[in-house]
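**Student:** Pasting a structure here, questions to come.
Taken together, the values in this text are just the output of simple stated rules run on the coordinates, not laboratory data. Keep in mind the model is a prediction, meaning the values are calculated, not measured. A quick note on method: Cβ atoms are made from the backbone with ideal geometry, for glycine too, and the neighbour counts reach across all protein chains shown.
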């Protein structure tokens, strides 16, 4: 965790990001269930599952891009994943629309973005604290 907050990104960061996505999905779903309704919670769970699959797909696309040394691998994977996401959302809308709320689905689909900004701000706060500590140590010398 300490290396992630200091912006030393490696494979552990990807695992942390995916696990935190899952945890954030569960927290948002629980919040939706207790504050709003069970349909909002189900929408957040469905959207979070799609978002988590998308994030793991992005990771695999990046590895494929580095391995094949062409950006076409990334865009190919992205196109396939966007098609699958659209298909999943359409199937949810057609067959399971009475089980969830579309607002909850939208919030669940945003889990990856919310997670990214949480980690980004944690990194900024950590970097600011490290800078202040090193600056105060230099001044005191």
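**Student:** Compute the length gained on full extension between residue 118 and residue 13: take 0.36 nm times their separation in residues and subtract their Cα-Cα distance, giving the result in nm to one decimal. Intermediate results must be reported in sequence, preceding the final value.
**Tutor:** Values: separation 105, 0.36 × 105 = 37.80 nm, distance 1.36 nm.
Full extension of this stretch gives 36.4 nm more.
**Student:** Next up: Using r as the Cβ-Cβ distance of residue 97 and residue 34, and R0 as 25 Å, what FRET efficiency do you calculate, to the nearest 0.05?
**Tutor:** Rounded to the nearest 0.05, the efficiency is 0.65.
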